[in-house]
Every structure is written in C-alpha cells, then in structure tokens.
1. Within region 17-30, take every residue that is at pLDDT 95 or above and either of a type in the set (Lys, Arg) or assigned to a loop (DSSP other than H, G, I, E, B) (or both) and give me the one that is farthest from Leu86 (Cα to Cα).
2. Taking region 31-43 as the search range and keeping residues that are assigned to a loop (DSSP other than H, G, I, E, B) and more than 14 Å from Tyr94 (Cβ to Cβ), which one is least open to solvent (accessible area, probe 1.4 Å)?
3. Give me the residue from region 44-54 that is part of a loop (DSSP other than H, G, I, E, B) and touching a residue at least 24 places away in the same chain (Cβ under 8 Å) and, out of that set, surrounded by the most Cβ atoms within 10 Å (Cβ to Cβ).
4. Could you check how many residues of region 55-64 are surrounded by 13 or more Cβ atoms within 10 Å (Cβ to Cβ) and either among the charged types (D, E, K, R) or farther than 13 Å from Ala33 by Cβ (or both)?
5. Test of understanding: among Leu100, Leu81, which residue is of a type in the set (A, V, I, L, M), open to solvent by 60 Å² or more (accessible area, probe 1.4 Å) and in contact with a Phe, Trp or Tyr (Cβ under 6 Å, 6 or more places away or on another chain)?
6. Output the qualifying pairs, or none if there are none: Cβ atoms under 7 angstrom, residues six or more apart or on different chains, first residue in region 59-70 and more than 20 Å from Val103 (Cβ to Cβ), second residue modelled with pLDDT of 95 or more and open to solvent by less than 10 Å² (accessible area, probe 1.4 Å).
Amino acid sequence: QVHLVESGGGLVQAGGSLRLSCVVSGRTITNYAMGWFRQAPGKERELVAAISWRSSNKYYADSVKDRFTISRDNGKNTGYLQMTSLKSEDTAVYYCAAGLRYVMGTARDEYDYWGQGTQVTVSS
C-alpha cells in the first residue's frame with residue numbers, strides 16, 4: 001500500500017500564499033513523477049503542476065505558471081506546491097498524485113496513487 005497525504009490547505013485572502021505538502025509513505029516507491037491536481041465544485045479535475053523524479057522537468061498550467069512553484073525532496077519523500085498571489089479562482093480541493101511511468105504525465109490516468117485532498121479556499 002502506498003499512501004499520499006496532503007497538508008497545508010486552508011482559508012487565505014486573495015493575494016496571499018499557501019504551501020502545500022504531500023508526504024508519501026507505506027510501500028517504498030522510487031522514480032515516480034508527482035503531480036498536483038485541483039477540482040473545484042462543478043468542474044473537472046485539472047492538472048496544476050507536475051514534476052519529474054529528479055526535478056529536471058516541470059509542468060505548470062498556464063493559469064498558475066507565474067504564481068505556483070512545484071518542488072520535491074526525495075530524501076523526505078515529500079512534494080511541495082508553493083502558491084502565491086492566490087486568486088478566488090484557485091479555490092478547490094487540491095490532490096497530489098504519484099505516477100510510476102517513465103515519462104512525467106499530464107493526464108489523470110497516468111498517475112497511480114492519490115492523496116485524499118486538501119481544501120484551499122481563497123476569499124476576496
């Protein structure tokens with residue numbers, strides 16, 4: 001069993017910042033890509049950012065490209081999503097996911113393990 005647990009969500013004012021963390025535990029996995037997805041009420045789950053195992057490749061959705069930063073610390077089995085200049089449109093449940101494919105995925109079905117999600121609410 002592989003467990004992913006997100007933390008760091010909460011309520012923040014527009015223009016503020018939050019740092020999400022994702023800890024991977026249980027069965028040890030390596031060489032996995034990590035993605036952050038979000039889902040707002042009534043909308044499809046969308047990829048926000050993704051990072052390869054060695055952090056050599058990163059992806060950002062256009063809507064967050066200049067505001068969010070994805071990173072990871074493999075020694076701590078932890079991924080991060082630093083979010084700045086938050087907007088009300090960023091309000092959603094944020095999920096981290098791990099994908100065991102060689103290539104960093106951008107689609108939901110390219111990820112094998114998922115966290116339970118953490119709520120991010122941006123007020124204005």
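The values are calculated or read from the model by the stated rules, or taken from the named source; none is laboratory data. From a predicted model like this one, the values you see are computed outputs, not experimental measurements. Because the Cβ atoms are built from the backbone with ideal geometry, glycine has one as well, and the counts that use them run over all protein chains shown. Remember, those area values only see protein heavy atoms, side chains included, never the ligands or the DNA or RNA. Shrake-Rupley method; radii C 1.70, N 1.55, O 1.52, S 1.80 Å.
1. Arg19
2. In the first step, residues of region 31-43 are kept if they are assigned to a loop (DSSP other than H, G, I, E, B); the result is 31-32, 40-43.
From what is left, the residues that are more than 14 Å from Tyr94 (Cβ to Cβ) are 31-32, 42.
Values: Asn31: 95, Tyr32: 4, Gly42: 93 Å².
The selected residue is Tyr32.
3. From region 44-54, those part of a loop (DSSP other than H, G, I, E, B) are 44-45, 52-54; that's our starting set.
Restricting the remaining residues to those that are touching a residue at least 24 places away in the same chain (Cβ under 8 Å) gives 45, 52.
Numbers: Arg45: 16, Ser52: 19.
Here the residue is Ser52.
4. Residues of region 55-64 that are surrounded by 13 or more Cβ atoms within 10 Å (Cβ to Cβ), as a first pass: 55, 58-61, 63-64.
With either among the charged types (D, E, K, R) or farther than 13 Å from Ala33 by Cβ (or both) added as a condition, the list becomes 58, 60-61, 63-64.
The number of residues fulfilling the criteria is 5.
5. Working: Leu81 fails: open to solvent by 60 Å² or more (accessible area, probe 1.4 Å).
The match here is Leu100.
6. As it stands, the answer is Val64/Val48; Val64/Ala49; Arg67/Met83; Phe68/Val48; Phe68/Ala49; Phe68/Leu81; Phe68/Met83, since those pairs meet every condition given.
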